[in-house]
Amino acid sequence: MTLILGIETSCDETSVAVVEDGDRVLSNVVASQIRKHAPYGGVVPELAAREHLKAMDPVVRQALKDAGINSLDEIDAIAATNGPGLIPALLVGVNYAKGLAAGNDLPFIGINHFIAHIYATFLDSGIEQLREPSLYPLLALVVSGGHTALVLITADGQATVVGTTIDDAAGEALDKASKLLGLGYPGGPVIEKTGANGDSSKYDFPRPLTGGAGKAVAEENKYNFSFSGIKTSLLYHCKRLGGEDIALSETEMFDTVASYQEAVIDVLVKKTLKAAKDFNAASIVLSGGVACNGVLRQRLEDCTPKRIKLFLAPRKYCTDNAAMVAGLAFHHLRKGMIDPLTTDAFARLPQISQVPFTD
Ligand code: KG4
Ligand code: ZN
């Protein structure tokens, strides 16, 4: 039995988890800072770092207690997200983890947040299935506030980012729309709730890089996303309907939100299914914070061809959490992928070439 303590501080959640053998989640404590950042309509990096500093120690203690761990002697390794994410926020978790590792003579493992989001899909559900060759090629759509990317994983663990956003992430597009409409932060959940009352076919928002409206998609953007144009068209739409101060009626607000969400989801699903077809994917994985969205989940369920296996990350592991960090770290440990205490944090997604969980 291998027990790993994982730490996640890449954005605005301080999370610590203890996971056994890569998928049995013994504890997963998430302390959200959402209320602290809400007045600013987005995450303020320095504020996030300071909040992580305050929360880290109590959250670690709570995670150990919830897991029934009395001493760090019972833990086999300490893992922390070391990127991509907000550098000031990441440094708090990475340094805390290194301190715990050094002080207790334990291995330290730095975890890629992006790959952890993909791995989150398989927590609690038996990771043996990840060794099943028939699952591959596996196409993962990771959609969050920081990322929107399509990753192709083959049975030998090779991973290639086949598409990514060329400007905003899908979650960012929802968060910024929510801010513009005065609906609050984070935008995703409130957009989903508000949009449920509206008619999603009422207004026609653009579907960038999908080849709609007679516009050809450049070869290099075939699987890429672009969401900044939708956001701009929302601003013009709102001013047209509600004037400079964007005074929309209740019905206009509901229909606007539903139609905007529909445009974002339509792009995500179209691009994913195109890539799945072109790369002959045997399975599709949906993960990341935006994967909480019920309309997106249902649409993928409805539209994915029967021959392709669809895996939707459990909602509780879609948004940032440390269970996915401790879970993925199990594979690093069993393969001897230990990191030195000089390991740095990184802000942007590096070239991914390999994932450790397919064999
Ligand atoms: O994965 P995550 O917690 O953090 C990042 O790594 O970015 O994702 C947060 C994002 C936010 O943009 C938030 O608005 C979005 O996930 N989100 C949702 C929903 N719940 C959270 N988007 C759409 N529908 C939801 N129900
Ligand atoms: Zn995330």
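The values are calculated or read from the model by the stated rules, or taken from the named source; none is laboratory data. These numbers were taken from a predicted model, which means no experiment stands behind them. Virtual Cβ from ideal backbone geometry, glycine too; neighbours counted across all protein chains shown.
Tabulated data for the structure shown
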read-out: Yes/no for GLU262 being on the phi < 0 side of the Ramachandran plot, more than 10 Å from ligand 1 (Cβ to nearest atom) and free of Cβ contacts under 8 Å to residues at least 12 places away in the same chain; value: no
read-out: Residue under evaluation SER125, criteria (1) surrounded by fewer than 22 Cβ atoms within 10 Å (Cβ to Cβ); (2) among the hydroxyl-bearing types (Ser, Thr, Tyr); (3) within 20 Å of the chain's Cα centre (by Cα); (4) modelled with pLDDT of 95 or more, criterion not met; value: (4)
read-out: Residue in the range 305-318 that is at pLDDT 95 or above, in a loop (DSSP other than H, G, I, E, B), out of contact with any helix residue (DSSP H, G or I) (no Cβ under 7 Å at 6 or more places or on another chain) and within 16 Å of ligand 2 (Cβ to nearest atom) present; value: yes
read-out: Flag if LEU139 is more than 16 Å from ligand 1 (Cβ to nearest atom) and within 19 Å of the chain's Cα centre (by Cα); value: yes
read-out: Out of LEU333, LEU300, sole residue that is within 24 Å of ASN197 (Cβ to Cβ) and away from ligand 1 (no atom under 13 Å from the Cβ); value: LEU300
read-out: Of all residues in the range 188-232 being aliphatic (A, V, I, L, M) and touching a residue at least 40 places away in the same chain (Cβ under 8 Å), the one that is surrounded by the fewest Cβ atoms within 10 Å (Cβ to Cβ); value: ALA196
read-out: Enumerated helices (runs of 4 or more DSSP H) restricted to the range 11-119, each holding at least 3 residues that are more than 14 Å from ligand 1 (Cβ to nearest atom) and out of contact with any strand residue (DSSP E or B) (no Cβ under 9 Å at 6 or more places or on another chain); value: 45-66, 87-103
read-out: Residue check, ALA155 under 22 Å from ALA80 (Cβ atoms), modelled with pLDDT of 95 or more and surrounded by 16 or more Cβ atoms within 10 Å (Cβ to Cβ); value: no
read-out: Boolean, LEU296 is at pLDDT 95 or above, touching a Pro at 6+ places or on another chain (Cβ under 9 Å), crowded, with 17+ Cβ neighbours inside 10 Å and not in a loop (DSSP other than H, G, I, E, B); value: no
read-out: The range 128-138 - residue that is outside any helix (DSSP H, G or I) and of a type outside the set (Asp, Glu) and, of those, surrounded by the most Cβ atoms within 10 Å (Cβ to Cβ); value: LEU138
read-out: Subset of the range 1-10 that is in a strand (DSSP E or B) and buried (at least 24 other Cβ atoms within 10 Å of the Cβ) - its residue that is nearest to ligand 2 (Cβ to nearest atom); value: GLU8
read-out: Test result for LYS271, under 18 Å from the mean Cα position of the chain (by Cα) and part of a helix (DSSP H, G or I); value: yes
